[in-house]
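Structure record follows, encoded as structure tokens.
The values are calculated or read from the model by the stated rules, or taken from the named source; none is laboratory data. If you're wondering where the values come from, they're calculated on a predicted model, not measured in any experiment. All Cβ positions, even for glycine, are placed from backbone atoms using ideal geometry, and neighbour counts span all protein chains on display.
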Amino acid sequence: MEKTKTAALLETAGKSLLFTAKRPNIVMERGEGMYMWDTDGNRYLDFVGGWAVASLGHSPAALQKALTKQSATLVHASPGYYNRPMLEFAELLTSVSGMDKAFFASSGAEANESAIKLARKHGAVNLNGAYEIITLTNSFHGRSLATMSATGKEQWKELFAPKVDGFKHVPINDLDACFAAVTNQTCAIMVELVQGEGGVHAVDEAYLYGLRKICDMYGMLLIFDEIQTGLGRTGKLFAYEHYGIQPDVMTLGKGIGAGFPLSAMLTKSKYDLFEPGDQGGTYTGAPLAMAVGYAVLAELLERNLADNAYAQGRYLVNALQKLSAEFPITAIRGKGLLLAFDVPEGTAAELAAICLREGLLINSLNSSTIRLVPPLIVSQRDSDEMLGILRGAFGQLQAAI
């Protein structure tokens, strides 16, 4: 029997791709707006958004235009020279973020690695060689060796040991535990304002205020990892705006490039400490990425997509609360379009699998948690379609139990 297109592609995957993830036996081929299509022509409503990456939806016109225009002008200039898109994007990003200086990279891990380096540079220059950084349990900061060491995932403790030294992990919203972890070797505290991979748990306002006070008291950096929460995801342009507390350093990624590899580390002028050779990278500030970043941010601002994230997030939370009267949905939580809810232990993956078969992409974070991170362009109609599929999936799940 002749192989289908998808079967042939999956056979190629088995032969040629290094195994790093368990993936369903489908191959995505194209995307537009809120939808993706696989090689068999099946359509999927996307409430995963490439793990909060597809902020403008799939194949957005703004991204296409920026890539076409810049690729015909200048793709790469080397990080040893300024380029026009770099300067234009840096000016726009700093003007809307409340920060002063920007460093650009290609991934969230690189941005967080840069923040770690800057914190240790600050420790070396201003804190008598302090190098330790306090992070939170259940946090996620990336997959480089240093950012994995900063990450507070229990299952990563022994992975790729020995880890990079100098990280202490304390529970979220436990100010006493954080204060107790501070020593004369501490140079920074690094937190996600909403732990995305850790289950969508937000920091409390009083806790964040306490962290700011601790850092001010001891001259340490307060670093906000906004890789997942930044650029409109939580219903504000930046999640720190919910709290009215500014960081010394902020990292951005995921939605900043709307699907193009891009990230940034932002800081205040007083922490512009790197010397030539301290930090860099072949693709830092490359014109193509900078043109994309500018176009994405301009589109987010022009269309007020942070406001849409707030409104649609509220709509989804209210709808899920109503659905919880019929199905075992508990602990609905999150901000904007970074949402999660719990289901009975051991059912999250099966629920996500049923939704996949029915044409809906959702993310099972663990055995009992579902995360929803759709593109910021999501409409009430899209949400209603998602809720209808989810309702049917719960019905199938209950029938199978």
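Key figures
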{"read-out": "Residue count for region 357-384, restricted to those that are surrounded by fewer than 17 Cβ atoms within 10 Å (Cβ to Cβ) and either in a strand (DSSP E or B) or touching a Pro at 6+ places or on another chain (Cβ under 7 Å) (or both)", "value": "1"}
{"read-out": "Selection count where residues are surrounded by fewer than 21 Cβ atoms within 10 Å (Cβ to Cβ) and hydrophobic (A, V, I, L, M, F, W, C), scope region 321-339", "value": "6"}
{"read-out": "Filter pass, Ala62 being in contact with a strand residue (DSSP E or B) (Cβ under 7 Å, 6 or more places away or on another chain), on the phi < 0 side of the Ramachandran plot and not in a loop (DSSP other than H, G, I, E, B)", "value": "no"}
{"read-out": "Cross-chain or 6+ apart pairs with Cβ under 6 Å, region 162-182 first and without any contact (Cβ under 8 Å) to a residue 24 or more places away in the chain, then surrounded by 17 or more Cβ atoms within 10 Å (Cβ to Cβ) and among the hydrophobic types (A, V, I, L, M, F, W, C)", "value": "Val164/Ala146; Ala177/Val170"}
{"read-out": "Val75 vs. criteria part of a loop (DSSP other than H, G, I, E, B) and surrounded by 13 or more Cβ atoms within 10 Å (Cβ to Cβ)", "value": "yes"}
{"read-out": "Residue within region 112-125 that is not in a helix (DSSP H, G or I) and not hydroxyl-bearing (Ser, Thr, Tyr) present", "value": "no"}
{"read-out": "Candidates Leu320, Leu397, Leu301 - the one that is at pLDDT below 95 and either in contact with a helix residue (DSSP H, G or I) (Cβ under 9 Å, 6 or more places away or on another chain) or assigned to a loop (DSSP other than H, G, I, E, B) (or both)", "value": "Leu397"}
{"read-out": "Condition met for Tyr218 (over 27 Å from Leu87 (Cβ atoms), touching a residue at least 12 places away in the same chain (Cβ under 8 Å) and not charged (D, E, K, R))", "value": "yes"}
{"read-out": "Filter result for the condition that a residue is of a type in the set (Val, Ile, Thr), in a helix (DSSP H, G or I), at pLDDT below 95 and over 29 Å from Phe274 (Cβ atoms), over Thr6, Thr68, Thr20", "value": "Thr6"}
{"read-out": "Counted residues, region 187-206 - those being free of Cβ contacts under 8 Å to residues at least 60 places away in the same chain, within 14 Å of Thr135 (Cβ to Cβ) and outside any loop (DSSP other than H, G, I, E, B)", "value": "3"}
{"read-out": "Neighbours by Cβ (under 6 Å, 6+ apart or cross-chain): first from region 31-44, under 22 Å from Ser379 (Cβ atoms); second part of a loop (DSSP other than H, G, I, E, B) and hydroxyl-bearing (Ser, Thr, Tyr)", "value": "Gly31/Ser59; Glu32/Ser59"}
{"read-out": "Region 98-119, subset more than 21 Å from Pro287 (Cα to Cα) and over 17 Å from the mean Cα position of the chain (by Cα), residue surrounded by the fewest Cβ atoms within 10 Å (Cβ to Cβ)", "value": "Gly98"}
{"read-out": "Any hit, region 75-82, residues being under 18 Å from Lys254 (Cα atoms) and either in the same structural domain as Ile377 (by TED's automatic domain parsing) or modelled with pLDDT under 95 (or both)", "value": "no"}
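Condition check ((1) in contact with a Phe, Trp or Tyr (Cβ under 6 Å, 6 or more places away or on another chain); (2) hydroxyl-bearing (Ser, Thr, Tyr); (3) touching a residue at least 60 places away in the same chain (Cβ under 8 Å)) across all residues:
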| residue | (1), (2), (3) |
| --- | --- |
| Gly244 | no, no, no |
| Leu262 | no, no, yes |
| Met265 | yes, no, yes |
| Lys270 | no, no, no |
| Ala291 | no, no, yes |
| Asn308 | no, no, yes |
| Glu326 | no, no, yes |
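Yes or no, residue by residue, for (1) in the same structural domain as Thr229 (by TED's automatic domain parsing); (2) loosely packed, with under 11 Cβ neighbours inside 10 Å:
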| site | (1), (2) |
| --- | --- |
| Leu18 | no, yes |
| Gly41 | no, yes |
| Tyr44 | no, no |
| Gly49 | no, no |
| Pro85 | yes, no |
